[in-house]
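**Q** This structure is in structure tokens; I'll ask about it shortly.
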Amino acid sequence: MRGSIDRLPDGGLRVRVHAGYAVVTGKRHRLVEIIPAGPDARARAEAARTRIVNEVDERRNPRTSATVNQLLDRYLEMIDVSASMHLMYTR
């Protein structure tokens, strides 16, 4: 079974599914969803786990948890523009 379901101190459930490694940061990327406590919480958590696993399998999940700043820094390192244009981009 892929993914895990953990009980939280307040009675809710945390669903976690490993989705690979973030391209920019190289860190492990997990998708997490919190299910509030309730009589049908376990069934909702199982449904969420199945849905998230399907998203990962179909590559419909975000592939990184990098921030916009991290992505822009990486972009500015890679672009091939003149020094004056690069300076204009970084202001």
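We did not get these values from a lab; they are worked out from the coordinates using the rules stated. Fair warning: this is a prediction, and the values are worked out from it, not measured in the lab. Neighbour counts run over all protein chains shown; Cβ positions are idealised from the backbone, glycine included.
**Q** Fully extended, how many nm does the chain gain between residue 23 and residue 37 (0.36 nm per residue separation, minus their Cα-Cα distance)?
**A** Full extension of this stretch gives 1.6 nm more.
**Q** I'm a student and want to see the number: the projected area of the Cα convex hull of the chain, averaged over all directions, in nm².
**A** 8.2
**Q** Related question: Based only on other Cβ atoms within 10 Å, what is the fewest-to-most ordering of 84, 4?
**A** 84, 4
**Q** Go through 21, 37, 47 and say which Cα lies farthest out towards the positive end of the charge dipole of the range 4-65; charges sit on Cβ, +1 for Lys and Arg, -1 for Asp and Glu.
**A** 21
**Q** Could you give the angle, 0 to 90 degrees to the nearest 10, between helix 68-78's Cα long axis and the longest principal axis of the Cα atoms of the chain?
**A** Compared with the principal axis, the helix lies near 40 degrees.
**Q** Helix 41-57 against the longest principal axis of the chain: what's the angle in degrees, Cα atoms only, rounded to the nearest 10?
**A** Roughly 40 degrees between the two axes.
**Q** Let me ask something else about it. Per 0.36 nm of contour for each residue apart, how much would the distance between residue 1 and residue 50 grow if the chain were fully extended, relative to their Cα-Cα spacing?
**A** Here the segment from residue 1 to residue 50 would lengthen by 16.7 nm.
**Q** Amide H to amide H under 5 Å from residue 12: which residues, 5+ apart in sequence or cross-chain, H placed 1.01 Å off N in plane?
**A** Here the answer is 37, since their amide H atoms fall under 5 Å of that of residue 12.
**Q** Okay, moving on. Using alpha-carbon pairs under 8 Å, 6+ residues apart, how would you state the relative contact order of the range 4-65 in percent?
**A** Across the range 4-65, relative contact order equals 35 percent.
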